Amino acid sequence: MQTTGGPSVLTIVDADVRAPRTGEVLLRQDAIGINFVDTMIRKGQYPVPLPAVPGFEAAGIVTKVGPGVESLSVGDRVAYFFDQGAYATEKVISTSSLIRLPDDISNEVAATFLAKGATAWMGLRALHDLKPAETVLILGASGSVGSVLSRWARSLGADVVGVAGSLSKLDKAARGAHHAFHSQDPDLGDKLRHITPNGFDVVYDLVGQATSSLAVGHVRDRGVVVAIGAASGQTPSNYSGLAGRGVEVRSGGAPQFVHGRAVKVATEELWQLVRTGVFDDLDVARYPFEEIVRVHQDIDDRALDGLPVLMP
Ligand SMILES: NC(=O)c1ccc[n+]([C@@H]2O[C@H](COP(=O)([O-])OP(=O)(O)OC[C@H]3O[C@@H](n4cnc5c(N)ncnc54)[C@H](OP(=O)(O)O)[C@@H]3O)[C@@H](O)[C@H]2O)c1
């Protein structure tokens with residue numbers, strides 16, 4: 001990426017990959033996770049020095065180890081999330097960023113679920129400790145993070161209502177939740193009130209601007225709004241008026257919450273859910289490496305057909 005802008009600023013270039021230094025390894029990347037934040041980097045909404053290699057998440061095989069590396073060997077399968085420069089067929093990376101993958105978790109599964117799962121874990125375990133039978137409203141339930149979050153919340157015994165962005169995505173939200181609606185529905189407020197007249201215990205907002213009034217209107221007094229996404233833009237109101245009702249608004253970034261010892265806790269829980277089939281009905285949208293422009297265009301157009309993974 002030489003400059004910021006539309007999807008076409010992403011171009012594939014040949015580059016030499018340097019040898020790994022002390023504490024680093026060289027990876028051959030098999031699957032690259034694509035995340036909404038990648039589009040924000042591309043648009044310049046989060047400035048990075050240019051030219052830049054975007055992407056934060058991938059899985060692959062160690063092909064070379066640098067001096068002093070004892071924890072990993074050539075041939076080990078590993079993954080990482082939140083380490084910039086993932087859109088590449090090979091990458092030199094510090095071992096401190098890497099997670100060794102269990103034998104039964106493929107590289108593709110890791111790249112599909114790691115960052116989204118870490119974000120869901122942050123919302124369900126760290127920002128709020130979700131209890132069985134709590135009522136949960138997920139705004140953005142048809143999206144990548146929302147799909148993972150809704151299934152995970154349901155597996156914890158919560159009563160989950162998902163809101164899709166539009167009628168055409170209603171089915172996506174419905175597959176992961178006990179009830180689903182779409183945000184254009186003129187009767188949405190009545191329908192949500194019919195389910196929980198006093199409001200939801202927890203509202204997860206992944207959409208921001210377009211849905212913040214739903215969060216404000218349908219969280220119960222002394223409930224919690226977990227505001228961890230803004231796919232439609234930042235909420236201008238900052239959920240105003242909630243403090244007077246005893247509602248807590250909690251926000252955070254997965255890189256800050258899922259680090260150190262939390263990485264092991266979060267990933268073990270995530271892989272266990274993968275094993276038990278909690279995410280089995282989710283589609284993976286695989287894009288050949290050469291089609292990086294198309295996947296970014298699909299995110300911009302809200303036309304993703306599954307959790308997006310780039311395949312080198
Ligand atoms: N805090 C963190 O650490 C963290 C980590 C990962 C992601 N995030 C954030 O979470 C958000 C979602 O990420 P994602 O990967 O799930 O993105 P995504 O797959 O593109 O999903 C976006 C969701 O938002 C909905 N949406 C978008 N614009 C809308 C609008 N104008 N009105 C109503 N609904 C709208 C979409 O509805 P449709 O399905 O109908 O299009 C979809 O449900 C992003 O803001 C991302 O940056 C935060």
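The values are calculated or read from the model by the stated rules, or taken from the named source; none is laboratory data. Owing to the predicted nature of the structure, the values given are computational and were not obtained by experimental measurement. Cβ atoms come from the backbone with ideal geometry, glycine included; neighbour counts cover every protein chain shown.
Cβ separations smaller than 6 Å between residues 6+ apart or across chains give the following pairs from region 292-312 residues that are closer than 16 Å to A231 by Cα to residues that are assigned to a helix (DSSP H, G or I): H296/P7; H296/T39; Q297/P7; I299/T39; L304/D298; L307/T112; L307/S144; P308/V295.
Please work out which residue is farthest from the ligand (Cβ to nearest atom), limiting yourself to region 127-181 and to residues that are assigned to a strand (DSSP E or B) and farther than 17 Å from G199 by Cβ.
The selected residue is A180.
Within region 80-95, work out how many residues are part of a strand (DSSP E or B) and more than 20 Å from P288 (Cβ to Cβ).
Of region 80-95, the ones part of a strand (DSSP E or B) are 80-81, 90-94.
Checking which are more than 20 Å from P288 (Cβ to Cβ) leaves us with 80-81, 92-94.
Residues flagged as part of a strand (DSSP E or B) and more than 20 Å from P288 (Cβ to Cβ) within region 80-95 amount to 5.
When the criteria are applied in full, A58 meets the requirement of being surrounded by 24 or more Cβ atoms within 10 Å (Cβ to Cβ) and more than 30 Å from D201 (Cα to Cα).
Any residue at all in region 181-193 that's over 27 Å from T39 (Cα atoms), modelled with pLDDT of 95 or more and surrounded by 24 or more Cβ atoms within 10 Å (Cβ to Cβ)? Can you show your working first?
Quick first cut of region 181-193, residues over 27 Å from T39 (Cα atoms) only: 185-193.
Right, trim to modelled with pLDDT of 95 or more and you get 185-193.
Filter again for surrounded by 24 or more Cβ atoms within 10 Å (Cβ to Cβ), leaving none.
No, every residue in region 181-193 fails to be over 27 Å from T39 (Cα atoms), modelled with pLDDT of 95 or more and surrounded by 24 or more Cβ atoms within 10 Å (Cβ to Cβ).
The set of residues in region 269-293 that are surrounded by 14 or more Cβ atoms within 10 Å (Cβ to Cβ) and in a helix (DSSP H, G or I) comprises E269, L270, W271, L273, V274, F289, E291, I292, V293. Taking the conditions (1) outside any loop (DSSP other than H, G, I, E, B); (2) in contact (Cβ under 8 Å) with a residue 24 or more places away in the chain in turn, V53 satisfies each one other than (1). S213 meets the conditions (1) surrounded by fewer than 13 Cβ atoms within 10 Å (Cβ to Cβ); (2) over 20 Å from the mean Cα position of the chain (by Cα); (3) farther than 21 Å from F36 by Cα in every case but one. The failed one is (1).
Of all residues in region 239-252, at least one satisfies being under 17 Å from L130 (Cβ atoms), touching a Phe, Trp or Tyr at 6+ places or on another chain (Cβ under 8 Å) and part of a strand (DSSP E or B). All of G162, G176, G143 fail the test of being surrounded by 16 or more Cβ atoms within 10 Å (Cβ to Cβ) and out of contact with any strand residue (DSSP E or B) (no Cβ under 7 Å at 6 or more places or on another chain), apart from G143. Residues that are among the charged types (D, E, K, R) and either within 16 Å of the ligand (Cβ to nearest atom) or loosely packed, with under 13 Cβ neighbours inside 10 Å (or both) within region 226-262 comprise R250, R261, listed in sequence order.
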